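Please read the structure below before turning to the comments.
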Amino acid sequence: MTANFKVERKLFDDVMVPCYAPMEMIPDKGKGSRIWDQDGNEYIDFAGGIAVSCLGHCHPVMVDALKAQAEKLWHLSNVMTNAPALRLAKKLTEVSFAERVFFANSGAEANEAALKLARRWAVDVHGPEKSEIIAFTQGFHGRTFFTVTVGGQAAYSDGFGPKPGDVTHLPYNDLDALAAAMSDKTCAIMMEPLQGEGGVVSPDATFLQGVRELCDKHNALLIFDEVQTGNGRTGTFYAYQQTGVTPDILSTAKSLGGGFPIGAMLTTEKLAAHMKVGTHGSTYGGNPLACAVAEAVVEEISKPEVLAGVKEREGWFREGLEALNAKYNLFADIRGQGLLIGAELNDEWKGRARDVLVAAGEEGLLVLVAGANVVRMTPSLVITKEEVQEGLARLDRALSKLVA
């Protein structure tokens, strides 16, 4: 079997574990916010690999960084000093509160490291009885057994036997419930500063500040899962930078590598000291190829004009979606921040988000869902106005057929 072998959709069913249900069309190449399948059909990409392709497909700064590093070093074990990883870590500390960085390969692994650090700190400083992790319903933190248990969606964590203990789930945006539940046994609160998979749900104005105050009151750590909201997605490099609340630990992945697998846990020097040699590790975490690409991505995203452009593009999407809603009356709410956008379906269309996704795909537009009732869009942060307009025109045609 060579690279020229034409893959058919049926091959997935023959060789893959059936935990995914991919589309029939098979992408072949991409450029910017456009993808072409094996048959040459073009698609506008409003999905971005689920908030991953932050600079679109095959952006020159990413391609150049990968080619240059590929001619030098592909892998180093963590018993060696890794220059690409150190350069990237330095940049991440410059654009955030963090003083120390741990590299992994995914958001789940970054969150696993965050949770392990929180528990290790609690044991070292307060004793083993301070072990409770509080998280929120409809949250999503990854697919390892620890992170999927902390995530607040039982559909993802049930059916695998006994779960890790001392994990409590509460309603997002309910500060009173949190205040009643917290105690000196609470080790940490893990949360998304804007829930993505749970329906693109923003926190109330005072919620994040209240969570921070409760953590301080009970000597608990605040962990922000910025796997989806980070790396410019909401218009600042990290979403917390718009809230006036700084976490103790932050996880980042998805768009950090622009499509090359990488994740990171960010924290302070004081907390990082509890992860002594041998307490945690990763064979591929800090991979030179991944770090070289991510360094180029961070440099590009952190440019003021790119971050300002995210807010400008949010305006293009909101204006276009409001116009479509005036025409078809499908949406109860258009919400989110920056280019993490959710269009919640109204009561008449409740439960039909996937119908919109399928109809859009048939018109050459790729979108996402966040549950059964929210159509989600996480496009490139540098998507052009022409691509936005063309994508919205294709969505218009899709909705017209659905309504008819």
*Hull shadow area, averaged, region 244-373 [alpha-carbon convex hull, nm²]*: 11.8 nm²
*Among all the aspartates and glutamates, which ones have a C-alpha under 19 Å from K31's C-alpha, if same-chain residues fewer than 8 places away are not counted?*
D39, E42, D45, D64, E300, E363, E386, E387, E390
*Could you tell me how many degrees, from 0 to 90 and to the nearest 10, lie between the Cα long axis of helix 288-301 and the main elongation axis, the longest principal axis, of the Cα atoms of the chain?*
70 degrees
_Environment charge of G48, counting only residues whose C-beta is closer than 13 Å and scoring Lys/Arg +1, Asp/Glu -1_ = +3
*Taking a temperature of 20 °C and a viscosity of 1.002 mPa s, what whole-number D in µm²/s does Stokes-Einstein yield for region 73-302 with Rh from Kirkwood over alpha carbon pairs?*
122 µm²/s
*Quote the charge dipole size of the chain about the Cα centre in Debye, to the nearest 20; the model charges only the Cβ of Lys and Arg (+1) and of Asp and Glu (-1).*
720 debye
*Rank-order 160-169, 183-192, 312-321 by packing density, defined as the average count of other C-beta atoms within 10 Å over each peptide's residues, highest first.*
183-192, 312-321, 160-169
*Measure nothing but the geometry: give the 0 to 90° angle between the long axis through the Cα atoms of 83-94 and the longest principal axis through the Cα atoms of the chain, rounded to 10°.*
90 degrees
*Value at 222 nm in deg cm²/dmol, rounded to 500, when DSSP H runs of n ≥ 4 in the chain each add -39,500 (n - 2.57)*: -11500 deg cm²/dmol
*asked:* Output wanted: per-residue J couplings in Hz (rounded whole) for region 221-232, from phi through Karplus 6.51 cos²θ - 1.76 cosθ + 1.60, θ = phi - 60°, x for Gly and Pro.
replied: 8, 10, 10, 9, 8, 10, 4, 9, 8, x, 6, x
*Divide the volume of the convex hull of the Cα atoms of region 189-253 by its number of residues and quote the answer in cubic angstrom per residue.*
76 Å³
_Peptides 44-55, 361-372, 10-21 ordered by average Cβ neighbours within 10 Å, highest first_ = 44-55, 361-372, 10-21
*Heavy-atom surface of the chain, accessible at 1.4 Å and reported per residue (Å²)*: 45 Å²
_Above-threshold pairs, the threshold being 18 Å between Cα atoms, out of K91/K303; K311/K350; K6/K29; K185/K217; K311/K385_ = K311/K350
*asked:* Using only Cα atoms and rounding to the nearest 10 degrees, what angle (0 to 90) does helix 107-125 make with the longest principal axis of the chain?
replied: 10 degrees
_Considering just Cα atoms, how many Å³ per residue does the convex hull of the chain enclose?_
155 Å³
*Accessible surface of region 310-404, 1.4 Å probe, proportion on carbon and sulfur as whole %*: 45 percent
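The values are calculated or read from the model by the stated rules, or taken from the named source; none is laboratory data. Here the structure is a predicted model, which means the values were calculated and not measured. FYI the Cβ positions are ideal-geometry reconstructions off the backbone, even for glycines, and counts take in every protein chain you see. In case anyone asks, the SASA skips ligands and DNA or RNA and just uses the protein heavy atoms, side chains included. Shrake-Rupley method; radii C 1.70, N 1.55, O 1.52, S 1.80 Å.
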